[in-house]
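Have a look at the structure below, then the notes.
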Amino acid sequence: MPSAGVWMLAVVAGALVLTGLPAWIVLIGVALVFSVAGIALGPLSLALFTAIPTRLIGLLENDLLQALPLYALMGALLNHLPLAQMIFRVGNRALARTGAGGPLAGLGLGVLLAPMNGSVGASVATLSRVIQPRLDAAGMPGERSAAIICMASTLGVVVPPSLVLILLGDAMMRAHTEALNITGESIRIINTQDVFVGALVPAGLLLLFAMGITWLLERREALPAPSPGRRDWLIALLTVAFIVALLGGVALGYLYAVEAAAAGGAALFACGLLTRTLTVDVLREVLRDTIAITGALFALLMAATVFTLVLRAYGTDRWIGAVLSHLSWGEYPSLVLVLLVLALCALVLDAFEMIFVVVPVVMPPLLTLVHNVTWVAVLTLLVLQASFLVPPFGYAVLMVRNRLQRPLSTRRLVRALLPYLVAQLAVLLLVLAEPRLVWQRNPLELAPSGAAPQPEGQLQGIEVPEEQPDSERPLEMSPEPRRPADAQSR
């Protein structure tokens, strides 16, 4: 019954839509039902359950998981401190002559703060509280302001070191390792920094398109904007410079993502103390939100680990690889097919569920056919980012509608989001047609698209581990890759 894993994914999607239960409960429940059925019918054995504790213990020993509570802490601090309002006021004043100062400042705020927020939900909460009242005061219709908030909250997904980008990079590294186990090739395995660098140009293109669309749609006669004081200008400029330096340090390899998250959290905490805005009540709310978000992410990750264990025990991952090989479609058609599957799954699953559940299943077979792994990772990232904006189930769309607490016309909201979705589709098609838009950090060590790597020994002293049985396979998460040697030498 190797196709049982596909039915597991279908049941999960249906249960999430019909029941509204948290994803981790659905994943655990479906995995339990299918494992019991597999044991009763014969394809699985009771030994499957003995592998679960070992996998979970090893999962929680992963150093990369330190970033989860740190990102949650940064998002909570940004949501409860007045720092975001200050940056928005300064940006609105600086861009007032464009006639679209408020909307453009909102997009800029999303780019700066969303990578530090750690999740789209935290970004939506911050941006809704900061820019929504000001856009309403300027007379902007609610659907158009909601579309701007949705777009701004998702732009940070593709800007390192966003949590989605980090976790996707780690998942792609594991998938690449499994693909090399299958093919027996010896090349350098992709790491998270490869994805950081590869996403820079597509992220820049998407940002330019979003700013152009916002300016064309929202430009009007310049409206008077409140003039911030010198203190606001100074704090805002210093904060922006710190964030840019932090993000640049991660993208260039000077900082680990965990180090950057810790530095960002410490800086926000210190800013709250110096400005006397981090009171005892505010700190209590920050800690409560941090614990709640961290707990939800850990529960989802552990449930996904159990779910994929059962799915792989059925042999679904190997069955998918056999199907792709049997089709003999070649590189591009197989890639497009997998991207379409990801897009369909993204209609009911959010980015974290996709990264923890779907990517580890479909990517290893695909990477045995497509050897430009960074290109595939960036395409996957763009699909995930676009999934947040697809109404009516897009995660950012749902979060904005819940935060606004007022009715929005679905037709008008779709019309307001359509230009941004077209821009995202254009960037996706450009990257799909021209892989060179994805920068390769070490192009000589990664095989070009369409050419299989040649086994000429291990590169960079990295060995590909031998394939292991399903019950002993590596976990879906792995320690954060080492900082590259060229970055360390700097």
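The values are calculated or read from the model by the stated rules, or taken from the named source; none is laboratory data. Since the model is a prediction, treat every value here as computed from it, not as a measurement. Using ideal geometry, Cβ is built from the backbone for each residue, glycine included, and neighbour counts are taken over all protein chains shown.
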Discussion item. Given the criteria part of a helix (DSSP H, G or I) and farther than 26 Å from Pro103 by Cβ, does Val195 qualify?
Written reply: yes
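Is it the case, given these coordinates, that Ala313 is touching a Gly at 6+ places or on another chain (Cβ under 9 Å) and surrounded by 20 or more Cβ atoms within 10 Å (Cβ to Cβ)?
On the way: touching a Gly at 6+ places or on another chain (Cβ under 9 Å): yes; surrounded by 20 or more Cβ atoms within 10 Å (Cβ to Cβ): yes.
It is true that Ala313 is touching a Gly at 6+ places or on another chain (Cβ under 9 Å) and surrounded by 20 or more Cβ atoms within 10 Å (Cβ to Cβ).
Can Pro82 be described as surrounded by fewer than 19 Cβ atoms within 10 Å (Cβ to Cβ) and touching a residue at least 12 places away in the same chain (Cβ under 8 Å)?
Working: surrounded by fewer than 19 Cβ atoms within 10 Å (Cβ to Cβ): yes; touching a residue at least 12 places away in the same chain (Cβ under 8 Å): yes.
Judged against the criteria, Pro82 is a match.
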Worksheet, complete the sentence: Every listed condition ((1) farther than 29 Å from Ala433 by Cβ; (2) without any contact (Cβ under 8 Å) to a residue 60 or more places away in the chain; (3) of a type in the set (Ser, Thr, Tyr)) holds for Ser334 save (1)
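Being under 30 Å from Ala147 (Cα atoms) and in contact (Cβ under 8 Å) with a residue 12 or more places away in the chain, is that true of even one residue in the stretch 39-60?
From the stretch 39-60, those under 30 Å from Ala147 (Cα atoms) are none; that's our starting set.
The answer is no; no qualifying residue exists.
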Item to complete: List every residue pair whose Cβ atoms lie under 7 Å apart, where the two residues are 6 or more positions apart in sequence or sit on different chains, the first residue falls within the stretch 356-378 and is without any contact (Cβ under 8 Å) to a residue 40 or more places away in the chain, and the second residue, located anywhere, is of a type in the set (A, V, I, L, M) and surrounded by fewer than 23 Cβ atoms within 10 Å (Cβ to Cβ).
Response: none
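For the stretch 407-440, which positions are assigned to a loop (DSSP other than H, G, I, E, B), at pLDDT below 90 and not hydrophobic (A, V, I, L, M, F, W, C)?
In the first step, residues of the stretch 407-440 are kept if they are assigned to a loop (DSSP other than H, G, I, E, B); the result is 407-409, 434, 438-440.
Then drop every residue that is not at pLDDT below 90, which leaves 407-409, 439-440.
Correct list: Pro407, Ser409, Gln440.
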Worksheet item: Only one of (1) within 23 Å of the chain's Cα centre (by Cα); (2) of a type outside the set (Gly, Ala, Ser); (3) more than 20 Å from Gly106 (Cβ to Cβ) is not met by Ile182, so which one is it?
Response: (1)
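Considering the stretch 37-65 alone, what residues qualify as being loosely packed, with under 12 Cβ neighbours inside 10 Å and not in a loop (DSSP other than H, G, I, E, B)?
Within the stretch 37-65, the subset loosely packed, with under 12 Cβ neighbours inside 10 Å is 40-42, 46-47, 50, 53, 57, 61.
The answer is Ala40, Leu41, Ala47, Thr50, Pro53, Ile57.
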Practice prompt. Could you give me the residue pairs with C-beta distances under 9 Å whose first residue belongs to the stretch 13-34 and is within 20 Å of Ser45 (Cα to Cα), whose second residue is outside any helix (DSSP H, G or I) wherever it lies, and which are 6+ apart or on separate chains?
Written response: Gly29/Leu21; Phe34/Leu44; Phe34/Tyr314
Worksheet item: For the stretch 404-417, how many residues are loosely packed, with under 14 Cβ neighbours inside 10 Å and not β-branched (Val, Ile, Thr)?
Response: 6
Worksheet item: For the stretch 256-278, how many residues are assigned to a loop (DSSP other than H, G, I, E, B) and without any contact (Cβ under 8 Å) to a residue 40 or more places away in the chain?
Response: 1
Practice prompt. Would you please list the contacts, defined by Cβ atoms under 8 Å and residues six or more apart or on different chains, that run from a residue in the stretch 87-112 that is closer than 15 Å to Leu208 by Cα to a residue that is β-branched (Val, Ile, Thr) and not in a helix (DSSP H, G or I)?
Written response: Val111/Val159
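Per-residue answers, yes or no, for (1) touching a Pro at 6+ places or on another chain (Cβ under 8 Å); (2) more than 27 Å from Val158 (Cα to Cα):
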{"position": "Leu278", "(1), (2)": "no, yes"}
{"position": "Met302", "(1), (2)": "no, no"}
{"position": "Thr316", "(1), (2)": "yes, yes"}
{"position": "Gly321", "(1), (2)": "yes, yes"}
{"position": "Leu344", "(1), (2)": "no, no"}
{"position": "Val359", "(1), (2)": "no, no"}
Practice prompt. For the stretch 113-189, please list each of the helices (runs of 4 or more DSSP H) lying entirely inside it that holds at least 1 residues being surrounded by fewer than 24 Cβ atoms within 10 Å (Cβ to Cβ) and touching a Cys at 6+ places or on another chain (Cβ under 9 Å).
Written response: none
Worksheet item: What pairs come up if the first residue lies in the stretch 296-307 and is under 12 Å from Pro22 (Cβ atoms), the second is among the charged types (D, E, K, R), and their beta carbons are under 9 Å apart, counting only those six or more places apart or on different chains?
Response: Leu300/Glu353
Fill in: In the stretch 333-367, the residues that are modelled with pLDDT of 85 or more and of a type outside the set (A, V, I, L, M, F, W, C)
Pro333, Ser334, Pro360, Pro364, Pro365
